[in-house]
There are 2 protein chains.
Amino acid sequence: MSRNENTEEQLKNFVNTIYEAIKNEDIPEIKIKSRTRDNIVLDALYGVWKYGDQEVRRTARKIDGAEFIAKSLYTINFILDMLKESKSSTLREMYYISEGWKDYKFATQDESNVLAEDMEVMTELMREDFHLRPEENGASIIGDITIEEKNRKNEFKRINCRDDVGDAGYNIPYNVEEEKVRLISHDADMIVALETGGMFDRLVENKFDEDFRAILVHLKGQPARSTRRMLKRMNEEMGLPVYIFTDGDPWSFRIYASVAYGAIKTAHISHWLAVPTAEFVGISASDILNYDLPTDKLNDKDISALNSELQDPRFQNEFWKSEIETMLKINQKAEQQALAKYGLNFVTDTYLPEKLNLKR
Amino acid sequence: MSRNENTEEQLKNFVNTIYEAIKNEDIPEIKIKSRTRDNIVLDALYGVWKYGDQEVRRTARKIDGAEFIAKSLYTINFILDMLKESKSSTLREMYYISEGWKDYKFATQDESNVLAEDMEVMTELMREDFHLRPEENGASIIGDITIEEKNRKNEFKRINCRDDVGDAGYNIPYNVEEEKVRLISHDADMIVALETGGMFDRLVENKFDEDFRAILVHLKGQPARSTRRMLKRMNEEMGLPVYIFTDGDPWSFRIYASVAYGAIKTAHISHWLAVPTAEFVGISASDILNYDLPTDKLNDKDISALNSELQDPRFQNEFWKSEIETMLKINQKAEQQALAKYGLNFVTDTYLPEKLNLKR
């Protein structure tokens, strides 16, 4: 059975459950795992954080539950149409498409985004199976790795992410599964993933990738799913260790957590996206002190994010507790580019080799 | 004389002027063209908006003027170092580098960004000459155009932006001048530049580029300089007409204006960046009415931006006055993806062919 056929079958099964309930004069209801921080648990098999057993029940006994079920059915209808016509759509397009669903159109873009995720949890399929795309694509890769990407003529095109691309690198497409992107070969020792474009360009210009046999991945802030999935595949299929180099602030800690442990919103597919062995080599509170970096004061949002992280099950270990508490105490954060205080080569000559125990 | 040598000479001349003034016991001062909306005038030769004759004087007689001159000199010193070492840096790195300039370090990132632009105006050079980069790169291109980009080994690598790239297209690097990017050949009738990634992907999926012989350029919102420069070069060197397809709101009107007429902040290089023949095919206030599109209400910022555009010399023509006034009257704006109300093919089957007078 092809991936599309499997998706079609799963979705039709879902519709059938609702149909059968109505036919039997039962009130249709759907149970979905609760997607909150309180309901994530460590998956011992994969070492990533997944949803626990708490469930939310949406029943047609109530108006909002009935609306939720109706919107799900319209959404499935739209997805089945796309599968038939080999189309895909952005989440925003789906929101506008729902204009035609009259009383059941989405009130906000956020509602349709959340429903797309709920559909994943309900069917155990992935957004990519539904042919739904985010607005922006993943980030970019530079380094000696060769991949094949299927183009619109359905031919696989071979691309070396060092030799066959421009300075800006290889753009990660929204679907990086085997049927779209094949990992062919590499000549590297590790992956270094960077939060900002400025730092990505700095490592490229300083030839860090060549000197230290690294594959550089630009995360573009909180990384898109396809970027995380690509990291996961390179880690798993090619055995490359992953290092995450971010700014030093609570939002960057979350970037690391979503790559290494899984994100709260997508915990149903953590085993698919997360790299539990990924190491944090970003700016820590200790680095701010040890390297005497230029900093900004924490603002109210930063402080509340840090306090929230102290409650987050993903951050319950010595390293993170101590770093978060230190950051709250010194009341300062720093960007990764703050290392430029010591010149443009400091990050590649000193900071990263120290963090990674590298010898040139 | 190479481009680097020319930059070095210009910068040293600038330093010399200051030095001579001090030696002659004059008080150093710098005159810079005023970079405000009140001081942009239509350049008859190029058909773009440039700075007029109003000048701002920075004199060392005052503390802030003296600081401005001192910071300029430190900046020039940093740039000359980069030229010598074949390095480049992001604007943010320069901000952090200034930590070492003691009393003359930049107070904010904004201050260093503005100074980099002022330096361009003062020296008539470009940021790229200074080896200063923005944080993020330009956007991407898909279509049948072949370019050559110089790689880190100083070899020109040939890339066809349809056949040799993945689905996400060719990434425009930050420097697209002849010494870095060569335009080789194309097989297309026009360029369609898109504001959002979602619409870019829609046109790619619907094969608009193939069916209508178009080169698609993703602007990524307000386009980076390198994106505008690339549009300018493709327009000028290859004779390709440029169409700008944006959302229908005041910010998108500004995107069009910056591509077609020149942006206010970079009016000193409008002749280098702007495509005066570029046509607007974005969502207009009339489209909102004619196509009965899903809309959002204007917020306070939208309204004040529209009112400001009514005063903007670049928007003083019948089309824009009428569109801006209509938008204020109906009090609504719409996104380009709102066309999905009529299905995923409406934009390529109906909207764009109507706007562009195309026959399939």
Check on A:ALA116, in a loop (DSSP other than H, G, I, E, B) and small (Gly, Ala, Ser): no
Can you pull out the residues in region B:323-340 that are surrounded by fewer than 19 Cβ atoms within 10 Å (Cβ to Cβ) and of a type in the set (D, E, K, R)? B:GLU325, B:LYS329
Those residues that are away from chain A (no Cβ under 14 Å) and within 14 Å of B:PRO353 (Cα to Cα), I need them from region B:200-218; list them, please. B:PHE212, B:ARG213, B:ALA214
Can you tell me which residue among B:ARG229, B:ARG213, B:ARG202 is touching a residue at least 24 places away in the same chain (Cβ under 8 Å), basic (Lys, Arg) and over 20 Å from B:ILE255 (Cβ atoms)? B:ARG213
Given the conditions (1) free of Cβ contacts under 8 Å to residues at least 12 places away in the same chain; (2) facing chain A (nearest Cβ under 10 Å); (3) not basic (Lys, Arg), every one holds for B:GLU178 apart from (2)
Restricting attention to region A:68-87, the residues that are touching a residue at least 24 places away in the same chain (Cβ under 8 Å) and either touching an Asp or Glu at 6+ places or on another chain (Cβ under 6 Å) or away from every other protein chain (no Cβ under 12 Å) (or both) number exactly 12
Residues that are within 14 Å of chain B (Cβ to nearest Cβ) and part of a strand (DSSP E or B): does region A:44-54 have at least one? no
Please state which of the following conditions B:ASN299 fails to meet, knowing it meets all the rest: (1) closer than 18 Å to A:GLN109 by Cβ; (2) in contact (Cβ under 8 Å) with a residue 24 or more places away in the chain. (2)
Test of understanding: among B:GLY239, B:GLY262, B:GLY197, B:GLY221, which residue is away from every other protein chain (no Cβ under 14 Å) and free of Cβ contacts under 8 Å to residues at least 40 places away in the same chain? B:GLY239
Please work out which one of (1) over 30 Å from B:ASN299 (Cα atoms); (2) not in a strand (DSSP E or B) is the condition B:SER252 fails and give its number. (1)
Is it true that some residue in region A:276-296 is within 14 Å of chain B (Cβ to nearest Cβ) and in a strand (DSSP E or B)? yes
Of the residues in region B:88-98 that are closer than 12 Å to B:LEU132 by Cα and at the interface with chain A (Cβ under 7 Å from one of its Cβ atoms), the one that is surrounded by the most Cβ atoms within 10 Å (Cβ to Cβ) is B:GLU93
Contact list please: Cβ distance under 8 Å, first residue in region B:17-43 and not assigned by TED's automatic domain parsing to the domain that holds B:PHE68, second residue modelled with pLDDT under 95 and part of a loop (DSSP other than H, G, I, E, B), pairs at least six apart or on different chains. none
Please work out if B:GLU29 is out of contact with any helix residue (DSSP H, G or I) (no Cβ under 8 Å at 6 or more places or on another chain) and charged (D, E, K, R). no
Consider B:GLU354 carefully, then state whether it is within 30 Å of B:ASP211 (Cα to Cα) and either buried (at least 19 other Cβ atoms within 10 Å of the Cβ) or of a type outside the set (D, E, K, R) (or both). no
Flagged in region B:136-154 as part of a loop (DSSP other than H, G, I, E, B) and either in contact with a Leu (Cβ under 7 Å, 6 or more places away or on another chain) or at pLDDT 90 or above (or both), in numbering order, are B:ALA139, B:GLY143, B:ASP144
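One line per residue, one yes/no per condition, for (1) over 25 Å from B:THR36 (Cα atoms); (2) touching a Leu at 6+ places or on another chain (Cβ under 8 Å); (3) buried (at least 21 other Cβ atoms within 10 Å of the Cβ):
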position	(1), (2), (3)
B:ILE255	no, yes, yes
B:GLY262	no, yes, yes
B:THR295	yes, no, no
B:LYS321	no, yes, no
So which residues in region A:130-175 are touching a residue at least 60 places away in the same chain (Cβ under 8 Å) and either surrounded by 22 or more Cβ atoms within 10 Å (Cβ to Cβ) or closer than 17 Å to B:ILE159 by Cβ (or both)? A:PHE130, A:ASN137, A:GLY138, A:ALA139, A:SER140, A:ILE141, A:ILE142, A:GLY143, A:ILE145
Hits in region B:155-173 - residues which are part of a loop (DSSP other than H, G, I, E, B), in contact with a strand residue (DSSP E or B) (Cβ under 6 Å, 6 or more places away or on another chain) and at the interface with chain A (Cβ under 8 Å from one of its Cβ atoms): B:GLY166, B:ALA168, B:GLY169
Could you tell me whether any residue of region B:184-193 is free of Cβ contacts under 8 Å to residues at least 12 places away in the same chain and among the charged types (D, E, K, R)? no
Options B:GLU236, B:GLU178, B:GLU279; residue that is modelled with pLDDT of 95 or more, within 18 Å of the chain's Cα centre (by Cα), surrounded by fewer than 21 Cβ atoms within 10 Å (Cβ to Cβ) and under 22 Å from B:GLU148 (Cβ atoms): B:GLU236
Considering residues of region B:2-38 that are modelled with pLDDT under 90 and not in a loop (DSSP other than H, G, I, E, B) only, the residue surrounded by the fewest Cβ atoms within 10 Å (Cβ to Cβ): B:ASP38
Please verify whether region B:54-65 includes one or more residues that are touching a residue at least 60 places away in the same chain (Cβ under 8 Å) and farther than 24 Å from A:ALA334 by Cα. no
Unmet requirement for A:PHE346, which otherwise passes all of (1) within 14 Å of another protein chain (Cβ to nearest Cβ); (2) in contact with a strand residue (DSSP E or B) (Cβ under 9 Å, 6 or more places away or on another chain); (3) of a type outside the set (A, V, I, L, M): (2)
Since A:MET190 meets every condition but one in (1) within 9 Å of chain B (Cβ to nearest Cβ); (2) more than 22 Å from B:THR90 (Cα to Cα), which condition does it not meet? (1)
So, A:ILE191, is that one in the same structural domain as A:ASN77 (by TED's automatic domain parsing) and outside any loop (DSSP other than H, G, I, E, B) or not? no
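The values are calculated or read from the model by the stated rules, or taken from the named source; none is laboratory data. Since the structure is predicted, the reported quantities are computational estimates derived from the model, not experimental observations. Because the Cβ atoms are built from the backbone with ideal geometry, glycine has one as well, and the counts that use them run over all protein chains shown.
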